[in-house]
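Peer 1: Here it is, the structure, as structure tokens.
The values are calculated or read from the model by the stated rules, or taken from the named source; none is laboratory data. This structure is a prediction, so every number in the text was calculated from the model and none was measured. Please note: Cβ atoms are built from the backbone with ideal geometry, for glycine as well, and neighbour counts cover all protein chains shown.
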Amino acid sequence: MTPIMLIVAIGANNAMGRDNRLLWRLKSDMAQFRAATAGKPLVMGRKTFESFGRPLPKRLNIAISRQSKLSLAGAIVTDTLGKALAIAHAEALRTGAGEIAVLGGADVYAQTLPLADRLLITHVDDAPEADTFFPAIDPAIWSGRELSAHPAGPDDDHAFRVVEYRRRG
């Protein structure tokens, strides 16, 4: 199976979103997100796909929805995570992508965390009110390495650091 990477921005309280929207404006992190997901098949929940407003370009967008007959322009829609990962795996083999990128939401992250090989997490220096949270990262399972740190500035509402976690063992 193709390696699976989860990519997400979270606050100090593991907050990810509120009202189906991101909590921060972090232009520097968006550039990192584009680079990390370029050319990779993307797996996400329907609400996450819809929150982008359009399909992410130059990447296969796979959306999971309980509505089996749903059609979303620019995405392949499937009704289970297993089917979504099978489609993503086939696409990765076809294109030579080194991994599958999982973009959320909370339910999709919770289901894929036990399957993931790598986490790319933007830790934002903020603990906002939210209605969507990322699962706890167990240090007995994951080993983290900071890749970069960014101060707050004109393009970034808050300071943040990007940490890559690899599964131990």
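Peer 1: Restricting to the stretch 110-127, what's the tally of residues that are aliphatic (A, V, I, L, M) and assigned to a strand (DSSP E or B)?
Peer 2: 4
Peer 1: Identify all residues within the stretch 43-55 that are more than 13 Å from Arg21 (Cα to Cα) and either among the small types (Gly, Ala, Ser) or touching a Phe, Trp or Tyr at 6+ places or on another chain (Cβ under 9 Å) (or both); write none if there are none.
Peer 2: Across the stretch 43-55, the qualifying residues are Met44, Gly45, Pro55.
Peer 1: Of all residues in the stretch 116-146, which are under 13 Å from the mean Cα position of the chain (by Cα) and among the basic types (Lys, Arg)?
Peer 2: Arg118
Peer 1: Scan the stretch 4-22 residue by residue and report those that are hydrophobic (A, V, I, L, M, F, W, C) and either closer than 18 Å to Leu113 by Cα or touching a Gly at 6+ places or on another chain (Cβ under 6 Å) (or both).
Peer 2: Going residue by residue through the stretch 4-22, those that are hydrophobic (A, V, I, L, M, F, W, C) are 4-10, 12, 15-16, 22.
Ile4, Met5, Leu6, Ile7, Val8, Ala9, Ile10, Ala15, Met16, listed by residue number.
Peer 1: Residue pairs, Cβ under 6 Å, 6 or more apart or interchain, first in the stretch 144-169 and in contact (Cβ under 8 Å) with a residue 40 or more places away in the chain and outside any strand (DSSP E or B), second of a type in the set (Lys, Arg) and surrounded by fewer than 17 Cβ atoms within 10 Å (Cβ to Cβ). List them.
Peer 2: Close Cβ pairs satisfying both conditions: Asp155/Lys27; Asp157/Arg25.
Peer 1: Got at least one residue in the stretch 159-166 being touching a Lys or Arg at 6+ places or on another chain (Cβ under 7 Å) and either of a type in the set (Asp, Glu) or modelled with pLDDT under 95 (or both)?
Peer 2: Scanning the stretch 159-166, I find at least one residue that is touching a Lys or Arg at 6+ places or on another chain (Cβ under 7 Å) and either of a type in the set (Asp, Glu) or modelled with pLDDT under 95 (or both), so the answer is yes.
Peer 1: Something else now. Given the structure, is Thr2 of a type in the set (S, T, N, Q), within 11 Å of the chain's Cα centre (by Cα) and not in a strand (DSSP E or B)? Write out each step before concluding.
Peer 2: Details: of a type in the set (S, T, N, Q): yes; within 11 Å of the chain's Cα centre (by Cα): no; not in a strand (DSSP E or B): yes.
No; evaluated as a whole, the condition is false for this residue.
Peer 1: Another question about this same structure. Show me the strands (runs of 3 or more DSSP E) entirely contained within the stretch 8-84 in which 1 or more residues are over 30 Å from Ala149 (Cα atoms) and modelled with pLDDT of 95 or more.
Peer 2: Numbers: elements: 15-18, 42-45, 61-64, 76-78.
Of the strands (runs of 3 or more DSSP E) lying wholly inside the stretch 8-84, those with at least 1 residues that are over 30 Å from Ala149 (Cα atoms) and modelled with pLDDT of 95 or more span 61-64, 76-78.
Peer 1: Check Ala101, Ala75, Ala63 and return the single one that is of a type in the set (A, V, I, L, M, F, W, C) and either surrounded by fewer than 19 Cβ atoms within 10 Å (Cβ to Cβ) or in contact (Cβ under 8 Å) with a residue 40 or more places away in the chain (or both). Quick ask: steps written out before the conclusion?
Peer 2: Details: Ala75 fails: either surrounded by fewer than 19 Cβ atoms within 10 Å (Cβ to Cβ) or in contact (Cβ under 8 Å) with a residue 40 or more places away in the chain (or both); Ala63 fails: either surrounded by fewer than 19 Cβ atoms within 10 Å (Cβ to Cβ) or in contact (Cβ under 8 Å) with a residue 40 or more places away in the chain (or both).
Being of a type in the set (A, V, I, L, M, F, W, C) and either surrounded by fewer than 19 Cβ atoms within 10 Å (Cβ to Cβ) or in contact (Cβ under 8 Å) with a residue 40 or more places away in the chain (or both) holds for just one of Ala101, Ala75, Ala63, which is Ala101.
Peer 1: While we're looking at this one, here's another question. Hey, among Ala92, Ala130, which residue is surrounded by 13 or more Cβ atoms within 10 Å (Cβ to Cβ), among the hydrophobic types (A, V, I, L, M, F, W, C) and either in contact with a Phe, Trp or Tyr (Cβ under 6 Å, 6 or more places away or on another chain) or not in a loop (DSSP other than H, G, I, E, B) (or both)?
Peer 2: Details: Ala130 fails: either in contact with a Phe, Trp or Tyr (Cβ under 6 Å, 6 or more places away or on another chain) or not in a loop (DSSP other than H, G, I, E, B) (or both).
Criteria check complete, one pass: Ala92.
Peer 1: Quick check on this structure: which one of Ser51, Ser28 is over 13 Å from Gly104 (Cβ atoms), of a type in the set (Ser, Thr, Tyr) and surrounded by 15 or more Cβ atoms within 10 Å (Cβ to Cβ)?
Peer 2: Details: Ser51 fails: over 13 Å from Gly104 (Cβ atoms).
That would be Ser28, the only listed residue that is over 13 Å from Gly104 (Cβ atoms), of a type in the set (Ser, Thr, Tyr) and surrounded by 15 or more Cβ atoms within 10 Å (Cβ to Cβ).
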